[in-house]
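Comments concern the structure below.
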Amino acid sequence: MKQPFRKLAEKYGDRIYTFAYYSLRSREEAEDVTQEVLVRLWQHVEEIDPGKLAAWVMSVTRNAVIDAARRRQTKSAVIAEGVSVDAVEAVAISSNPGADHALHAAELRNALERALAAIDEPHRSIIVMREIQGMSYADIAHTLDMPLASVKVYLHRSRKKLREMLRGKV
Amino acid sequence: MRNSNNQCDQALERIEAYIDGELPPEDRNAFELHVGSCARCREELSYAEALAHELRALPPHRCPDHVIEEAASRAEAYAGGAGSTASGRLRARIGSYLRPWPKPVLASALIVIVAAVLIVQKHERLPIVGVPEQPAEFSPSGKELQTARTDVALAFAYVRKYSARPIENAVREHIGDRVMRTVGESILRPIVPFSFRK
């Protein structure tokens, strides 16, 4: 039993964990969500059309993330401390060939992660699926059950929101 | 001046589509022409491109091995321990709550509980065994009902989309037997069409 489960877990585990981590910005909660989704996947795998399995996994993961965020009720408070000024400077610096990228990379990543976790739904799901997980527009549309054109509009709005969030703290 | 502002507004609206290479050739040319002559829009484009680049550079994370191990144990309990029955699920759920507690803590807690029961029994001479249990009245709160309705709607959407399982099974899993027994029909009726019920 462990072998088939492991195969499934290895196929989807990273995808689930990455999505949960960037959405919740907590390793512990991301681990809980991943474990929950993997068990549910195992329980339902035979009932799901194999062609729809990936979309099912992401859809269940997203719902589990939303539940986890609801449980701790800090979804909107994550950004309250504010995105560091350093992060915005780092974006500017990153386009400057003379700048020391390594010095600011961690700060920038930190700020981006905080901004991502604070952005509202479905903007966050779409930006994580597209930009970090590299999913196609069609797969995202299928997962979220929305028209492909809407996915693109949401993605553009998401990046614009991130720009504003990061810039506003200067 | 107004004309220039309009052009800036239009360019700023199109930045994301430009970065994604989704502007038609005519619009793309117009965008590049404007950005070439407008320092403010050029700066905004540069910022947007840098941010998009950094966003794409965020690394995917590897699922820790222990998560897969623990999930495998839970899945095994589900499959081997009559996971499809309510008692199997209950055992798995109880197990998952107990696992995070170290054994010494559990043992100490048990000793304290047993000691407390013995002390109470000795001093108050309360008949602990043999007291008939009163059946607990269960009336779900408004919040529980609201949650159940949401879960039923979600379960219904899933079942319709992904599988041919009877809706009632999925619903039971989502909202639990207690709520189902008490208010099942009143929850199902407005959400799940009759033809989808078991």
| task | Could you list all residues from segment B:50-78 that are modelled with pLDDT of 90 or more and within 22 Å of B:Ala11 (Cα to Cα)? | result | none
| remark: Per the list (1) closer than 22 Å to A:Glu46 by Cβ; (2) at pLDDT below 90; (3) in a helix (DSSP H, G or I), residue check on B:Gly83 breaks on (3)
| query | surrounded by 20 or more Cβ atoms within 10 Å (Cβ to Cβ) and at the interface with chain B (Cβ under 9 Å from one of its Cβ atoms): does that describe A:Thr61? | reply | no
| Matching residues, segment A:22-51, being over 15 Å from the mean Cα position of the chain (by Cα), within 30 Å of A:Arg109 (Cβ to Cβ) and facing another protein chain (nearest Cβ under 7 Å) | A:Gln35, A:Leu38
| message | Could you tell me how many of the residues in segment A:3-21 are among the aromatic types (Phe, Trp, Tyr) and at the interface with chain B (Cβ under 7 Å from one of its Cβ atoms)? | response | 3
| remark: Every listed condition ((1) at pLDDT below 90; (2) assigned to a helix (DSSP H, G or I)) holds for A:Met58 save (1)
| What number of residues within segment A:14-33 satisfy the criterion of being over 17 Å from A:Arg72 (Cα atoms) and surrounded by 24 or more Cβ atoms within 10 Å (Cβ to Cβ)? | 3
| Matching residues, segment B:34-78, being over 30 Å from A:His44 (Cβ atoms) and touching an Asp or Glu at 6+ places or on another chain (Cβ under 6 Å) | B:Leu55, B:Arg56
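For B:Ala57, are the conditions met, namely being out of contact with any Pro (no Cβ under 6 Å at 6 or more places or on another chain), crowded, with 16+ Cβ neighbours inside 10 Å and within 13 Å of chain A (Cβ to nearest Cβ)?
No: the conditions fail for B:Ala57.
The values are calculated or read from the model by the stated rules, or taken from the named source; none is laboratory data. Everything numeric in this text was worked out from a predicted model, so none of it was measured. A quick note on method: Cβ atoms are made from the backbone with ideal geometry, for glycine too, and the neighbour counts reach across all protein chains shown.
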